[in-house]
1. Helix-derived [θ] at 222 nm for the chain: sum -39500 (n - 2.57) over DSSP H runs of at least 4, divide by residue count, nearest 500?
2. With charges only on Cβ, +1 for K and R and -1 for D and E, what is the dipole size of the chain about its Cα centre, in debye, rounded to 20?
3. Please list 105-115, 29-39, 120-130 highest first by mean number of surrounding beta-carbon atoms within 10 Å per residue.
4. Please compute, for the alpha-carbon atoms of the chain, the extent along each of the three principal axes and give them in descending order in Å.
5. Could you go through region 160-176 in sequence order and give the Karplus-derived ³J(HN,Hα) for each residue, using 6.51 cos²θ - 1.76 cosθ + 1.60 with θ = phi - 60°, rounded to whole Hz, and x for Gly and Pro?
6. Based on DSSP, what percent of beta bridges with both residues in the chain are antiparallel, to the nearest 5?
7. Based on DSSP loop calls and a cut-off of at most 10 other Cβ atoms within 10 Å, the longest stretch of the chain free of exposed trypsin sites (Lys or Arg not before Pro) is what?
8. Taking every pair of distinct Cα atoms and averaging 1/r, then inverting, what Kirkwood hydrodynamic radius in Å comes out for region 105-176?
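What follows is calculated from the coordinates using simple rules that are stated; it is not laboratory data. Values in this document were obtained by computation on a predicted structure and should not be read as measured data. Methodologically, a virtual Cβ is constructed for each residue, glycine included, from the backbone with ideal geometry; neighbour enumeration extends over all protein chains shown.
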Amino acid sequence: MAERTRKAGTTRRATSGSQVAVLMGSKSDLEVMRPAAQTLAKLAIPYEVRVISAHRTPDRLREYVREIEGRGIDVIIAGAGGAAHLAGVVAAHTLVPVLGVPIDSSALHGLDALLATVQMPGGIPVGTLAIGKAGATNAALLAAAFLARHDPGLRERLAQHRKEQASAVPEGPIEL
Ligand code: RP5
């Protein structure tokens with residue numbers, strides 16, 4: 001894990017100091033990807049959000065991703081819809097782990113993006129989450145779980161998040 005100076009419990013959206021990068025192929029993906037950012041913020045994980053398209057801004061993608069490891073980013077979350085190659089192309093340019101979120105933005109409601117993201121040929125891995133907002137949330141939680149292995153404070157926040165989820169589920173019988 002890269003050396004960095006970061007106060008525990010702070011969340012920054014600025015480029016410097018980010019631990020997780022949340023990328024998406026289009027500004028139109030923002031609402032689907034927002035839960036990833038909200039979950040990272042809730043867990044006080046510093047993150048940044050960028051719109052980078054594998055096909056519309058290929059030069060920007062290459063330049064951004066090649067610098068990402070040197071900047072200390074530990075996990076990349078990449079969401080895209082349609083013929084979703086963002087996560088795979090990003091993964092091809094870096095050794096930083098990439099989590100892919102298929103976005104339900106097309107006529108095929110995300111099934112196309114799911115297959116494009118999950119069906120990476122052997123050699124360049126993309127850890128693929130569920131289609132849509134659930135996938136965005138879980139990508140952030142999975143990133144948090146990786147980071148928490150070496151961060152006891154984050155582990156505690158993650159455990160607290162699980163407890164809150166459990167207590168939000170009604171325990172007794174409910175009236176319909
Ligand atoms: C993909 O194409 C994006 O990730 C988005 O989900 C989809 C549509 O993009 P826009 O045409 O709305 O910009 O690259």
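1. Helix contribution divided over all residues of the chain: -12500 deg cm²/dmol.
2. Computed about the Cα centre, the dipole is about 520 debye.
3. My ranking of the peptides, most packed first, is 29-39, 105-115, 120-130.
4. 53, 45, 30
5. Once θ is set to phi - 60°, the couplings for region 160-176 become 4, 4, 4, 4, 4, 4, 5, 6, 7, 8, x, 8, x, x, 10, 8, 9 Hz.
6. 0 percent
7. Longest gap between qualifying sites, sites excluded: 8-148.
8. Hydrodynamic radius (Kirkwood, Cα only) of region 105-176 equals 15.1 Å.
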